[in-house]
Structures are given as C-alpha cells and as structure tokens.
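Have a look at the structure below, then the notes.
The values are calculated or read from the model by the stated rules, or taken from the named source; none is laboratory data. Just so it is clear, the model here is predicted, and its values are computed rather than measured. As a convention, Cβ positions derive from the backbone with ideal geometry for all residues, glycine included, and neighbour counts pool all protein chains shown.
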Ligand code: SF4
C-alpha cells in the first residue's frame, strides 16, 4: 500500500462522528451599508486608508493624467503595465522622457533581474473590491501577470467604484469564483507590511511599499 | 545559514525555570500578549456576532473532519485536474524525501520559504541543508529567528521573544556591511533588500497552506508581508506542504473562516494578502511557477482523528489565540515547550505528533483555566482534551482501548495507588471524616516544608477545627 | 466572553443544602459558618449533610476519571430533598454542574441522576444574587479590596458578575480593578505541585497586580485560589522584599457577613 492508501484507510476506519450538516452561511450577513450607497463607498475608502493605502477619486476621462501626476510626485521613472488592454494603451500613450511606461510582455524569468531592480511602480486593474474589509480583488491574467502587483515598490490600481461587494463571500458568489477560478486570485488589503519586530508596524516588507487606488466613478455619479 | 539551536535544557521543568528567570524576555512576551489580546478584543465588539461566527467556524471545521477522507480525495482530484501534483506523506521522513526528490529533479540550490509550521514540524530545513540545499526563511520574523540559529517561539509571531536591539545587533553581526541601527523601519528595509535578491535567484519556493479547498482545488494562503506571494510566484517550482486536516469543503467556507482567523490571531480585520492558488502557470501566462506540488502530511493526525473526542484537535486553524491568552505561555514563552507547536494547541496536538515522551509535560502544564477555549475561534474544548490526554497517559497500558499509540506511557503504579486511596478516603464518608479529623487535630504538626507548594508559598495548615466540627446542631444533617 | 445558556432561577426557597467543599471544611471553616449565618438571616434553613466529602475534581482533572466517579457517586445520595444545593466554591460548583454529566456520559442511569443534580447546583454568590436577591446595608468602615474569581467559576458560572454585584452594593467598599484581573492565579490544583515554578510565577504576578491596584485585601468565592494567592503573598519570597504592603484575604461569605452583621464582629 502507498502512503496515500494507508492514510485514507486509517481515516476511513475511524469511527464516524455524529453526522455534521453542511454549514449554512445564509444567515451570516456582513454588516455593511447597502449596495450602491455613498456610505458603503465611504467605508471602503476609510478602511483602505486606515490600512495605509491611498485612495483617489477620479473618472473614466481623467484617471491617466491623475496617475501621471501621482507618479511624478513619487519620482516614478519606470512604470510597468500589462499588455493588450485599453488602459494599458492609454498609459502607453503617456510614455515620455521622464516617465517610461514599460509593458510586461515576456515571461518573467527572461528579465527577472530588471523586474526586481529597475521598475519603480506597477499598474493593474482591480476586478472588484470588498467593503467589509477594505480590500481589492485582483485576478491576474496573461494580460496582467501576477508579479505586476507584487514586485514593484509602488502599486497603482484602477478600480471601478460600482464594483464594490459587501464581503468576500458575496464577491465569490456574484463573480462565481467556484466555477471559474483563474490560476491565481488575490485579495489585497493594503501595502505590504509586517509587525514581526516588537509588534511595530512597518510597511514595505517584501511587496509594494505603497498601494495607490484610483477610484474611478462613472460620469453620472462622479463628484 | 546556520540553524543550530542554542543549547536548551533537555527537560521541560528546567527550560521553564530558565525562561521564568529571564526577566527581559518575560516582560517582552507579556507586552506582546497584552497587545495581541487587546487588539483581538477590539476586533470583536459584539459578543453575539463573535459567538455566531465561532459557531459557524466550528461547524465548517467539523463538517470538513466528518467528511475528511472524501474531501481529501476530492481535493486531490481537483488539484490534479488543475495541474497540481499531489503527494502524501505519513511521516516527516517521507515528507522530506518527497521534497528532496523534487529539489533534485530541478537541481535546486536555493529554496525560499514562506511561513510554514508544518515545515518546522518535519524539520525540512535540516533535511535540505544535509543535501546541500539552502533553505531560507523569508517571513521577517522567521528570517530573524533563522539568522540567530533559533526556532520560532510563536506560531504567528516567530520572533516575539526578541527585542529590536537584539535584532539590530544580530544584523550587524551576521550581515556584511550593516551597521547598528535599531529603528524598526530600517531593520525591515535591510531584510527586504537581502531577501529580494534571494527571491529573484531561488529555484524552489516553499509555502504552507492555510486552507485547501476541496470544491475548487485551491490552496489558500494568507499573509501580510508579500513573501508568501514571492515564494509561490517567482521560483519555477512551488511546493506547498500541509497537514491532512487543513481541507475545507467549499470555497465560501474560506471566506467565513478568514473573518475569524486574522481577527483572532493578530487582531487585524484582514491580512494584506489573501492568495488563492489554483495551479501552475498556464500557456500564455507570463509568470507563476511551472510546477506546483502539494505534500499532504499525516504525522500522527490520523491517530487524533480516530478518537471521536480527540478529533476536535484537528479543527484548529492555527490562529495562535490560545497561546496569546495562556497564563502559562505568558510566563515561559514558546521555546520552553520544546515542541514545534507551543501553548495550548501544542499541548493537545503534540502527543499525537511526538508521543507522550516529549509531550506529556505539556499536557500537565495547564491550570485548566480555560482562557484558551474561551477565545478559540473554532471552539476546540482544549481543557477537556487536556483532561482526556492526562487520562490516556496514565491509563493502564494493559487496557484494551488505546486512543494513542503510547496510551499508558505515563502509567505509574504508585500514583495510581495514591488516587485509589484518595478515592477510598473521599468515597467512604467514615474514612474521610476520620482522616480529616486527624488532619485538623494534628494540623499544628503539619510540615513547614510541603514540597513544591512551599517553594513559593507559605505552608498550608489545616484549621484546628473542621467546619463539620463547628456546625451548630440545627445545620447538621446526619 | 461567556456564551453559555442563560439560567433560569427558582424563587427563594425555605431550605437549602450546603456543600461546604473539602477546602472550606479543612482549611477555612469560618467561611462555612459565615455562609450559614448569611443564608439563615435571609430566612433560609441550611442543611449540611455530614457525609459529604469532595466533589471529585482533583482526580477528574488529573486524569483519573474512575476515581473521580467513585467519589462523585458518594455525593449523589446526600441530597434527597429537592432543595437547591449551595456550593461554597466556584470551581467545585462548576465540577458538579458542568462536569458530572460528562463524567457519567456513558452510564445512562447515573447520567440522569447527574443531570438532575447539576440542575440544583448553585455557586454561593450566584445563589445570593440570583435567588436570594441579597441586599443588606454595609455596616463597616471604608476599605479597598480586590476581587479574584476562579477561572472555572468565571467561565462556567459567571461568578465574576455576581461577585462584583455583591461587593459593588456595599457602600463603603471600594472594589479596585486589578491588572489582568481575568487571568488565572496559577493554582490549578495539582498543577501547583507539578509545576511549582510556573505556578509560583503566575501567583506572584497576581499578588503584585492586586497590590499595585492599591488593595490590601482580596476577596474570593474560591478557596483554592485564595489559599494560593495568600500563600504566595506571605510565602518565602514575600518576606524578603521589604516594604511590601501586606495582603490579607478572605472568602466572600466571611467578608459579606463581617460587613453586614448587626453587631460588628
Ligand atoms: S486551538 Fe483554537 S485558538 Fe489555538 S491556534 Fe487552534 S484555532 Fe487558534
């Protein structure tokens, strides 16, 4: 018998416990303001900010300029973006002497050193967000690879303001995670941090030191 | 990288005595625990919500355990379909052999490790080193502890026993070109710079698993630092290692459990990164590992599983809240336990992993105050399990029913006899009355040195007259 | 966080049984006498079955359930009338109320007996507050005390609530909250003998915290804890640290009686 068979055999031989019903999570309702309300958005922003992220309101027309401004303020010289999306195209059109917009197009191992050492900031879109915990949902893809949101010291994220779920479970249900999981899904709730030294919070442990959310309001509700 | 542990006393009592004597460390641990306790408390302002959540958390874990063999097979099937290679290990040796085999196939020289208590449990670093492979801890706390040649003293905060000054000194000694600076931000940046180079160069990334989802074949990992994502994304090979009990049935169960885990563990609402790994890099994708492996470890867990009461041990989600609230842990810290898992969870889990030889002192080292069970997010009745384990250890080894492979290992004829006599005295009213009468009559003769009791306390002297001797007639019921 | 079920309490009875517990019987008999005085003053007849011994907890928590059962069984027949059973120690009350049913879980006839008995078990302060509705004027001078509640009593019986209710109602008593008030005193029965260093370190911190809070007197409804804390406060190390304020203590029954008796004793 293999280890697998022996382990499974031991488990199967164990006396059955009292039957356990599949837990019903229906009654577990997150305590967050209703969908679409200004309060829900405010909660999200507050939580993100308290986790040391920046949140900037913007809209469909102006967010690339806002990003450019912020990047300049933060002395970003190389901005890494994905490939093949509209947002990427718009950002690439802003490529200049002072801000190099670089597209992630080759497998990481072919340019790992440069990725780790020469990029100042990365840009991704968020699939959605979560109000209860102040979190962003990212589904990396071939157009927006996984390391875009991890290796560069600054992470810019574009988020549509309407894509704000109450909690993680709702996000999973509405977006049908269980049937269409990508290779990697991420829920990000702030910049990288640690409290491993004397419980003192420090940011930028291994991942981005700064997380900057561009909260994109559609025209009608834009402030 | 050295992993020699500093000389530790072979015996629990001696280790705890040493720890209690280390005033600075004790103050540090106490401070950390007070901090974690108050942060946890602030996360659960509504006792009803907490109670409901714990009910659900417990139900999810119990459901997973009740269906464990089926769920493990479902998990394996889904993972395999997703392209993940699943391995099973009954012992630490098997787990390490699997790991070495994978490493050898890729001619690996450097392995970067995310936080994994199971890798500590199997002493993976040791096995890797013996094979000439550098196994580098990358969680800041673990990195510091490894650099110091020590072991983690807490399952969530490995370097809880160290001050920033000690860490600054350590960095100065061990890292070339680093001068002393005990500013925490500076220390973290030093660690960041060192480790980034390692991530970029590593051949294998190792991680633990917080939950493995049977429904989707998902490995779920949470962390704050980003090193876990580095280890599972940058190297060409990712190996995850976990205990067989970490499986949950449904993806949404993860969402609920994680509304308990970080709040119970460190008192934060949510971790910075929740990482759902569903497989290796797909064609067209530009990063992520080309190979993902999962090693499922037994190492005594099936023994705990076999007993309907002790099975509750496996509900654990490794939040560490029990140790953060344990008065014994507060006094002796994690190292004194001498086991991978310290504190209350260590006391109920270690007998299955290590046997009573190493774990029995842990089972006795509890006042049964119940602080652990009070905070356990999945409602493990830790004191009840400790009582049961005390019973198992001392049971007659001849007994037919043995819940642990070494049940009865601490069976002691004299001790059993003492309890027999006690039961005889207290179970026979006449004996008891005679005995206690003697005790009070001759109480003045009570020894002034009463063994361990008078070590730190005044002697106990029975009152000259018992309550029953002093009772007014109308209260006596013969 | 206590989330056991809210208990329903009976009306004040005319008769109760008193379970003194072995520690009170042997070491602190005054607490038993004072408890009787307090209850009788409320018009309750108190019956002390002379055959009583120990609840069986020491054997139970040490991992000797057989021996615990043997001793527990002897207590079953001592309370034939349907009167409430008032227990002078929170942890013994917890044992009888919470753990007797576990102890006899596999013995159906005994189990129903154990359950019936458990229903009638009341910890002393719980009984005073919830059943008696105790309220007597404070007749003694101002004092500052700390309250220590045993862990099992806190978690199994909510005794910290009733203890504070009783002390809080005394006009001239200032009850100070001490640091880590909810933490164990380090007694743990045989734990204190098996791991004296750890136990001593915990007890030591408890004594320090109580002193730091400015109390010279500690009150508890649990004799085990009380003996542990006071033993530590007057133990070998205590005398060596000069200038430490002395710490005295008593069972809450004695404290209440001394403060509310008509003629101050
Ligand atoms: S036993 Fe409970 S409190 Fe302790 S680590 Fe496990 S889940 Fe957390």
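Here are B:395, B:365: which of them is at pLDDT below 90, surrounded by 17 or more Cβ atoms within 10 Å (Cβ to Cβ) and within 9 Å of chain C (Cβ to nearest Cβ)?
B:395
Quick one: which of B:403, B:458 is more than 16 Å from the ligand (Cβ to nearest atom), without any contact (Cβ under 8 Å) to a residue 60 or more places away in the chain, more than 24 Å from residue C:73 (Cα to Cα) and surrounded by 19 or more Cβ atoms within 10 Å (Cβ to Cβ)?
B:458
Residues to consider are C:192, C:152; find the one that is surrounded by 24 or more Cβ atoms within 10 Å (Cβ to Cβ), in contact with a helix residue (DSSP H, G or I) (Cβ under 7 Å, 6 or more places away or on another chain), modelled with pLDDT under 95 and under 23 Å from residue C:97 (Cβ atoms).
Being surrounded by 24 or more Cβ atoms within 10 Å (Cβ to Cβ), in contact with a helix residue (DSSP H, G or I) (Cβ under 7 Å, 6 or more places away or on another chain), modelled with pLDDT under 95 and under 23 Å from residue C:97 (Cβ atoms) holds for just one of C:192, C:152, which is C:152.
Scan region B:134-145 residue by residue and report those that are free of Cβ contacts under 8 Å to residues at least 40 places away in the same chain and more than 23 Å from the chain's Cα centre (by Cα).
The answer is none; no residue qualifies.
Going by the structure shown, is residue B:249 facing chain A (nearest Cβ under 10 Å), modelled with pLDDT of 95 or more, under 22 Å from the mean Cα position of the chain (by Cα) and more than 16 Å from the ligand (Cβ to nearest atom)?
no
Would you confirm whether any residue within region B:1-13 is exposed (fewer than 15 other Cβ atoms within 10 Å of the Cβ), touching a strand residue (DSSP E or B) at 6+ places or on another chain (Cβ under 7 Å) and either assigned to a loop (DSSP other than H, G, I, E, B) or at pLDDT 95 or above (or both)?
yes
Which residues, taken from region A:5-15, are surrounded by 10 or more Cβ atoms within 10 Å (Cβ to Cβ) and within 17 Å of residue B:65 (Cα to Cα)?
A:7, A:8, A:9, A:10, A:11, A:12, A:13, A:14, listed by residue number.
Sort out for me the helices (runs of 4 or more DSSP H) sitting completely within region A:1-77 that have 3 or more residues that are within 7 Å of chain B (Cβ to nearest Cβ).
Correct list: A:3-13.
Just the residues that are assigned to a loop (DSSP other than H, G, I, E, B) and at the interface with chain C (Cβ under 7 Å from one of its Cβ atoms), please, taken from region B:446-477.
Within region B:446-477, B:451, B:452, B:457, B:458, B:460, B:462, B:463, B:465, B:466, B:471 meet the criteria.
Do we find that residue B:314 is within 7 Å of chain A (Cβ to nearest Cβ) and within 16 Å of the ligand (Cβ to nearest atom) in this structure?
No; evaluated as a whole, the condition is false for this residue.
Given the condition closer than 24 Å to residue B:90 by Cβ and more than 14 Å from the ligand (Cβ to nearest atom), answer yes or no: does some residue in region B:338-348 qualify?
So far as region B:338-348 goes, yes, one or more of its residues are closer than 24 Å to residue B:90 by Cβ and more than 14 Å from the ligand (Cβ to nearest atom).
Quick one: which helices (runs of 4 or more DSSP H) sit completely within region B:16-112 and have at least 1 residues that are over 30 Å from residue B:132 (Cβ atoms) and touching a strand residue (DSSP E or B) at 6+ places or on another chain (Cβ under 7 Å)?
Helices (runs of 4 or more DSSP H) meeting the threshold: B:47-66, B:68-82.
Please enumerate the residues belonging to region A:96-118 that are crowded, with 23+ Cβ neighbours inside 10 Å and in a loop (DSSP other than H, G, I, E, B).
Selection gives A:104 alone.
Determine which single condition residue B:281 fails, assuming it passes every other condition in (1) over 19 Å from residue B:321 (Cα atoms); (2) within 16 Å of the ligand (Cβ to nearest atom); (3) out of contact with any strand residue (DSSP E or B) (no Cβ under 8 Å at 6 or more places or on another chain).
If we test residue B:281 against (1) over 19 Å from residue B:321 (Cα atoms); (2) within 16 Å of the ligand (Cβ to nearest atom); (3) out of contact with any strand residue (DSSP E or B) (no Cβ under 8 Å at 6 or more places or on another chain), just (2) comes out false.
Tell me the helices (runs of 4 or more DSSP H) entirely within region C:141-252 that contain at least 1 residues that are under 28 Å from residue B:12 (Cβ atoms).
Per the criteria, C:151-157, C:191-194, C:196-212, C:223-233, C:236-240.
All but one of (1) more than 14 Å from the ligand (Cβ to nearest atom); (2) on the phi < 0 side of the Ramachandran plot; (3) assigned by TED's automatic domain parsing to the domain that holds residue B:54; (4) out of contact with any helix residue (DSSP H, G or I) (no Cβ under 7 Å at 6 or more places or on another chain) hold for residue B:357; state the number of the condition that does not hold.
The failed condition is (3).
Looking at (1) assigned to a helix (DSSP H, G or I); (2) within 16 Å of the ligand (Cβ to nearest atom), which is the only condition residue B:426 fails?
Answer for residue B:426: the failing condition is (2).
Mind listing whichever residues of region B:255-278 are part of a loop (DSSP other than H, G, I, E, B) and under 19 Å from residue A:47 (Cα atoms)?
Scanning region B:255-278 gives B:258, B:259, B:260, B:266, B:267, B:268, B:269, B:270, B:271, B:272.
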